[in-house]
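A short worksheet on the structure shown next.
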Amino acid sequence: MKALEEKYLEGLSELFPSIAAASTEIINLQAIVNLPKGTEHFLTDIHGEYEAFAHVLKNGSGSVKRKVDDVFANTMSSRDKQTLATLIYYPREKMERIREEEQNMDDWYKIMLYRLIEVAKRSASKYTRSKVRKALPKDFAYVIEELITEKSGMTDKESYYNSIISTIIQIGRAEEFIVALCELIQRLVVDHLHIVGDIYDRGPGPHLIMDKLMEYHSVDIQWGNHDILWMGAAAGQKCCIANVIRICARYGNLDILEDGYGINLLPLATFAWKQYAKDPCECFLLKGQDNCKPQELELNMKMHKAISVIQFKIEGQAAELYPEFGFQRRNFLDKINYEEGTITIGGKIYQLLDDYFPTIDPKNPYQLSAEEEEIMNRLVKAFQSCEKLQRHMRFLLNKGSLYKIYNSNLLYHGCVPLNDDGSLRKVKIYGKSYQGRTLYDVMESYVRKGFFAVDPNEKKKGRDLMWYIWQGANSPLFGKDKMATFERYFLAEKELWKEKKNAYYLLLEDENVMNGILDEFGLDREISHIINGHVPVKTKNGENPVKCGGKVLVIDGGFSKAYQKETGIAGYTLIYNSYGLILAAHDPFESTEAAIEKERDIHSDSVIVKRTLERKTVGDTDVGKVLKERIADLEALLDAYRSGQIIEKI
Ligand SMILES: O=P(O)(O)OC[C@H]1O[C@](O)(COP(=O)(O)O)[C@@H](O)[C@@H]1O
Ligand SMILES: [Mn+2]
């Protein structure tokens, strides 16, 4: 043991070869440990709503506005503060509009530059110089550093700053400089972003969200069931592919696949147009179809039906392949009386809303027709060879996981599957049972195998498990007894549409159960929180996202427009800064246009969920723990130098 420690200190002395070097490092690290903790920002269930997402990212769920308020308090009108905040969110667009009205732009630049410098200064004050330096835009790094660093010894600060600012304006770089400052502020107000799942589906811009996330300075992602669906599709899992296309068709978003990812849907379109030529496909209307031209709508509905039928067939085959997934009870095509147009479920006969199935052979209802087969094979190739999709999925794999423990918070998209009595539910995966954290870990390892395993059997298991995670009754990301897709399309009886939530969602207020989950994940039950998304919080019915006295926070972002009428708001986001946890409830986002033109921010009511007694420092965080260990090691090295055990290397 002793020898090992000595070896380690020897190694460390290579990096810090003298008493002076080790001491300097200790002082630097200690300074970081004492700084206020960086702000974390939590978003969930973005569901392809790129514009609203981009806006919340820019305003840091109110963090930018809070900074502006802090700096200017009562010295500026609220109107001016709002203009300044809008400028910080949309600098280019805002300046374009200002230029049209403002008589004296130079004056305007000057005022704004001063204001922005003050906000930037305050935003940077939480960080070390070296961290701020890394965040500075290349072109203006030196000047910005000069302007935002306090120069206490300087006598004529005013004229020094004035001359820098005048020069910037004179040489025609004011606008670029303003943009750089605004982006810096946006960058500094949020230190780290957590996406608690469901980037994909329903809205039109998930690919744009992915591009934006890929350039974000610090982010982690907990996969949602919709993200896993896309991951499965990208890995070539056919049921996932069919579901992805079906959902895009249902929301009038086939453009995401065709234009966003360049996946060719022509074979499916041609087939659907011919196969369902005279079929009105009325059960396959689109959600939000007002944006669709009539001719496009007709084709879109036919494609919607064609891919749904394919999905029910291939899911039926997969259900037989894996009885332990429990999907056999979801097989309906063999329960249909094709002559009568009825279906028998639970001993009862129901009338189907649509009974035109030209591609189904009643004797072999799950068999794809030759054309359907050909289409699916081509789609598998298209998904697997789409470079952009693969790049996005690689990013999800590298920055993402099924759950995350971060600064004493436990983050996952859906739930931890529980029995009705609150005990951890045992779930069988490929012949073995797992529960709680191990269930999560095993599932995650299969997801990764679906992409990286060399053994083709393991790879297939990994891919097929992604389809299970999407909609399996015991999937921690889905957490409902079934996904009633078939019933929602074909049956009028709403009682059949019901999806029963896992006991987890009924036990959110049960402290014993929630503490049990924290224990299971190795977290301190006294100080930790569980944060999940997935289930829209129906605020208009009086539902509260803060559960279990603040131990659990359910923050389905509610970005999805389709769901806003159910929730009554545009959902929640969460901020965890050095003062505590702040929950922001947002009104729906109108448009980027309105945000700039009318300076209409998303109106957010902020509620402080937990205020820390003392301002939290980096020392209280996970990074802080690592830094403190490093300091202890360096102190040991110092002792070793001083006692002669190790000799300086200079
Ligand atoms: O509103 P739609 O498009 O019918 O989707 C409903 C389906 O989406 C789900 O809610 C899953 O999506 P979420 O993860 O966003 O909740 C299913 O449970 C349900 O069957
Ligand atoms: Mn979800």
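The values are calculated or read from the model by the stated rules, or taken from the named source; none is laboratory data. Since this is a predicted model, take the numbers as computed values, not measurements. Here the Cβ is made from the backbone with ideal geometry for all residues, glycine too, and neighbour counts use every protein chain on show.
Taking the stretch 483-507, which residues are within 16 Å of ligand 2 (Cβ to nearest atom) and either aliphatic (A, V, I, L, M) or touching a His at 6+ places or on another chain (Cβ under 7 Å) (or both)?
Result: Met483, Ala484.
With the checklist (1) of a type outside the set (D, E, K, R); (2) more than 28 Å from the chain's Cα centre (by Cα); (3) in a helix (DSSP H, G or I) in hand, flag the one item Ile245 doesn't pass.
Of everything listed in (1) of a type outside the set (D, E, K, R); (2) more than 28 Å from the chain's Cα centre (by Cα); (3) in a helix (DSSP H, G or I), Ile245 misses just condition (2).
For the stretch 215-232, name all the residues that are more than 16 Å from ligand 2 (Cβ to nearest atom) and in contact with a helix residue (DSSP H, G or I) (Cβ under 7 Å, 6 or more places away or on another chain). Explain how you work it out, then say what you get.
Of all residues in the stretch 215-232, those more than 16 Å from ligand 2 (Cβ to nearest atom) come to 215-220.
Within the stretch 215-232, His217, Val219, Asp220 qualify.
Can you spot a residue in the stretch 514-522 that is out of contact with any Lys or Arg (no Cβ under 7 Å at 6 or more places or on another chain) and within 24 Å of Gln328 (Cβ to Cβ)? Let's see the steps before the verdict.
Restricting attention to the stretch 514-522, the residues satisfying the condition of being out of contact with any Lys or Arg (no Cβ under 7 Å at 6 or more places or on another chain) are 516-517, 522.
Going one step further and asking which of them are within 24 Å of Gln328 (Cβ to Cβ), we end up with none.
Scanning the stretch 514-522 turns up no residue that is out of contact with any Lys or Arg (no Cβ under 7 Å at 6 or more places or on another chain) and within 24 Å of Gln328 (Cβ to Cβ).
Please verify whether the stretch 548-560 includes one or more residues that are surrounded by fewer than 24 Cβ atoms within 10 Å (Cβ to Cβ), part of a loop (DSSP other than H, G, I, E, B), without any contact (Cβ under 8 Å) to a residue 40 or more places away in the chain and not basic (Lys, Arg).
Checking the stretch 548-560: not a single residue is surrounded by fewer than 24 Cβ atoms within 10 Å (Cβ to Cβ), part of a loop (DSSP other than H, G, I, E, B), without any contact (Cβ under 8 Å) to a residue 40 or more places away in the chain and not basic (Lys, Arg).
Residues that are in the same structural domain as Ile245 (by TED's automatic domain parsing): find the helices (runs of 4 or more DSSP H) completely inside the stretch 152-223 holding 2 or more of those.
Details: elements: 157-170, 174-189, 206-214.
Qualifying helices (runs of 4 or more DSSP H): 206-214.
Of all the residues that make up the stretch 405-422, how many are within 30 Å of Phe383 (Cβ to Cβ) and away from ligand 2 (no atom under 16 Å from the Cβ)?
Filtering the stretch 405-422 for residues within 30 Å of Phe383 (Cβ to Cβ) gives 411-415, 417.
After this cut, where a residue has to be away from ligand 2 (no atom under 16 Å from the Cβ) as well, the list is none.
Count: 0.
Inside the stretch 199-242, can you point out the residues that are more than 12 Å from the chain's Cα centre (by Cα) and of a type in the set (D, E, K, R)?
Asp201, Arg202, Asp211, Glu215, Lys238
Would you confirm, using the coordinates I've provided, whether Gly533 is surrounded by fewer than 22 Cβ atoms within 10 Å (Cβ to Cβ) and either under 30 Å from Ser423 (Cα atoms) or more than 16 Å from ligand 1 (Cβ to nearest atom) (or both)?
On the way: surrounded by fewer than 22 Cβ atoms within 10 Å (Cβ to Cβ): no; either under 30 Å from Ser423 (Cα atoms) or more than 16 Å from ligand 1 (Cβ to nearest atom) (or both): yes.
Considered against the rule, which asks whether it is surrounded by fewer than 22 Cβ atoms within 10 Å (Cβ to Cβ) and either under 30 Å from Ser423 (Cα atoms) or more than 16 Å from ligand 1 (Cβ to nearest atom) (or both), Gly533 comes out as no.
Test Lys67 against the stated conditions and say whether it is basic (Lys, Arg) and within 30 Å of Ala632 (Cα to Cα).
Details: basic (Lys, Arg): yes; within 30 Å of Ala632 (Cα to Cα): no.
For Lys67, the condition - basic (Lys, Arg) and within 30 Å of Ala632 (Cα to Cα) - is not met.
All but one of (1) without any contact (Cβ under 8 Å) to a residue 24 or more places away in the chain; (2) under 30 Å from Ile263 (Cβ atoms); (3) among the charged types (D, E, K, R) hold for Asp354; which doesn't?
Asp354 satisfies every listed condition except (1).
Being more than 19 Å from Ile148 (Cβ to Cβ) and among the charged types (D, E, K, R) is the filter; apply it to the stretch 176-214 and report the residue that is nearest to ligand 2 (Cβ to nearest atom). Give the derivation first.
Residues of the stretch 176-214 more than 19 Å from Ile148 (Cβ to Cβ): 192-214.
Next, only the ones that are among the charged types (D, E, K, R) stay: 198, 201-202, 211-212.
On the way: Asp198: 4, Asp201: 9, Arg202: 10, Asp211: 22, Lys212: 20 Å.
Among those residues, the one meeting the criterion is Asp198.
So which residues in the stretch 197-230 are at negative phi, among the charged types (D, E, K, R) and surrounded by 24 or more Cβ atoms within 10 Å (Cβ to Cβ)?
Initial filter on the stretch 197-230 (at negative phi): 199-200, 203-230.
From what's left, among the charged types (D, E, K, R): 211-212, 215, 220, 227.
If the condition is that a residue be at negative phi, among the charged types (D, E, K, R) and surrounded by 24 or more Cβ atoms within 10 Å (Cβ to Cβ), then Asp227 is the only one that fits.
Going by what's in this entry, would Glu298 be described as in the same structural domain as Ala234 (by TED's automatic domain parsing), without any contact (Cβ under 8 Å) to a residue 24 or more places away in the chain and either touching a Leu at 6+ places or on another chain (Cβ under 9 Å) or not in a helix (DSSP H, G or I) (or both)? Spell out how you get there, then give the answer.
Working: in the same structural domain as Ala234 (by TED's automatic domain parsing): yes; without any contact (Cβ under 8 Å) to a residue 24 or more places away in the chain: yes; either touching a Leu at 6+ places or on another chain (Cβ under 9 Å) or not in a helix (DSSP H, G or I) (or both): no.
Considered against the rule, which asks whether it is in the same structural domain as Ala234 (by TED's automatic domain parsing), without any contact (Cβ under 8 Å) to a residue 24 or more places away in the chain and either touching a Leu at 6+ places or on another chain (Cβ under 9 Å) or not in a helix (DSSP H, G or I) (or both), Glu298 comes out as no.
Show the residue pairs that are 6+ apart or on different chains and have beta-carbon atoms under 7 Å apart, the first residue being within the stretch 240-257 and closer than 12 Å to Met301 by Cα and outside the structural domain of Leu299 (by TED's automatic domain parsing), the second being more than 16 Å from ligand 2 (Cβ to nearest atom) and basic (Lys, Arg).
Sorted first by the residue in the stretch 240-257, then by its partner, the list stays empty.
Just to confirm my filter: which strands (runs of 3 or more DSSP E) fall fully inside the stretch 379-493 and include at least 2 residues that are of a type outside the set (Lys, Arg) and crowded, with 20+ Cβ neighbours inside 10 Å? Steps first, answer last, please.
Numbers: elements: 403-406, 409-412, 427-429, 432-434.
Counting at least 2 such residues, we get 409-412.
Considering only the stretch 345-365, state which residues are hydroxyl-bearing (Ser, Thr, Tyr) and under 13 Å from Phe490 (Cβ atoms). Before you say what the answer is, go through the steps one by one.
Narrowing the stretch 345-365 to residues hydroxyl-bearing (Ser, Thr, Tyr): 350, 356, 359.
Within the stretch 345-365, Tyr350, Tyr356 qualify.
Given the structure, is Tyr412 within 16 Å of ligand 1 (Cβ to nearest atom) and within 19 Å of Arg525 (Cβ to Cβ)? Before the answer, list the steps.
Details: within 16 Å of ligand 1 (Cβ to nearest atom): yes; within 19 Å of Arg525 (Cβ to Cβ): yes.
The answer is yes for Tyr412.
Please verify whether the stretch 527-544 includes one or more residues that are farther than 30 Å from Tyr50 by Cα, in contact (Cβ under 8 Å) with a residue 60 or more places away in the chain and not charged (D, E, K, R).
Filtering the stretch 527-544 down to residues farther than 30 Å from Tyr50 by Cα leaves 527-528.
With the extra rule that they be in contact (Cβ under 8 Å) with a residue 60 or more places away in the chain, the set shrinks to 527-528.
Add one more test, that the residue is not charged (D, E, K, R), and what stays is 527-528.
Among the residues of the stretch 527-544, at least one is farther than 30 Å from Tyr50 by Cα, in contact (Cβ under 8 Å) with a residue 60 or more places away in the chain and not charged (D, E, K, R), which makes the answer yes.
As an exercise: evaluate Phe589 against (1) within 16 Å of ligand 1 (Cβ to nearest atom); (2) crowded, with 18+ Cβ neighbours inside 10 Å; (3) in a loop (DSSP other than H, G, I, E, B) and give the number of the one condition it does not meet.
Checking Phe589 against (1) within 16 Å of ligand 1 (Cβ to nearest atom); (2) crowded, with 18+ Cβ neighbours inside 10 Å; (3) in a loop (DSSP other than H, G, I, E, B), the one that fails is (1).
Can you tell which of Glu118, Glu40, Glu101, Glu93 is out of contact with any helix residue (DSSP H, G or I) (no Cβ under 7 Å at 6 or more places or on another chain) and more than 30 Å from Ile631 (Cβ to Cβ)? Walk me through how you get there before you give the answer.
On the way: Glu118 fails: out of contact with any helix residue (DSSP H, G or I) (no Cβ under 7 Å at 6 or more places or on another chain); Glu40 fails: more than 30 Å from Ile631 (Cβ to Cβ); Glu93 fails: out of contact with any helix residue (DSSP H, G or I) (no Cβ under 7 Å at 6 or more places or on another chain).
The unique qualifying residue is Glu101.
Cβ-Cβ under 8 Å, sequence separation 6+ or interchain: first residue in the stretch 488-501 and without any contact (Cβ under 8 Å) to a residue 40 or more places away in the chain, partner among the charged types (D, E, K, R) and not in a loop (DSSP other than H, G, I, E, B). Which pairs?
Sorted first by the residue in the stretch 488-501, then by its partner, the pairs are Trp497/Glu487; Trp497/Arg488; Glu499/Lys480; Lys500/Lys480; Lys501/Lys480.
Which one of the conditions (1) away from ligand 1 (no atom under 16 Å from the Cβ); (2) surrounded by fewer than 23 Cβ atoms within 10 Å (Cβ to Cβ) does Thr573 fail to meet, given that it meets all the rest?
(2)
Residues to consider are Gly224, Gly203, Gly232, Gly197; find the one that is within 16 Å of ligand 1 (Cβ to nearest atom), over 24 Å from Arg463 (Cβ atoms) and touching a residue at least 24 places away in the same chain (Cβ under 8 Å). Reasoning before the result, please.
Working: Gly224 fails: over 24 Å from Arg463 (Cβ atoms); Gly232 fails: over 24 Å from Arg463 (Cβ atoms); Gly197 fails: over 24 Å from Arg463 (Cβ atoms).
Of Gly224, Gly203, Gly232, Gly197, the one residue that is within 16 Å of ligand 1 (Cβ to nearest atom), over 24 Å from Arg463 (Cβ atoms) and touching a residue at least 24 places away in the same chain (Cβ under 8 Å) is Gly203.
Tally up the residues in the stretch 1-39 that are in contact (Cβ under 8 Å) with a residue 12 or more places away in the chain, exposed (fewer than 12 other Cβ atoms within 10 Å of the Cβ) and outside any helix (DSSP H, G or I), please.
The number of residues fulfilling the criteria is 0.
Step by step: first the residues of the stretch 40-55, then only those that are of a type in the set (Phe, Trp, Tyr) and part of a helix (DSSP H, G or I), then the one that is farthest from ligand 1 (Cβ to nearest atom). Which residue is that? Spell out how you get there, then give the answer.
Here is the first cut: in the stretch 40-55, the ones of a type in the set (Phe, Trp, Tyr) are 42, 50, 53.
In the following step, the residues that additionally are part of a helix (DSSP H, G or I) were identified as 50, 53.
On the way: Tyr50: 17, Phe53: 15 Å.
Checking each candidate, the answer is Tyr50.
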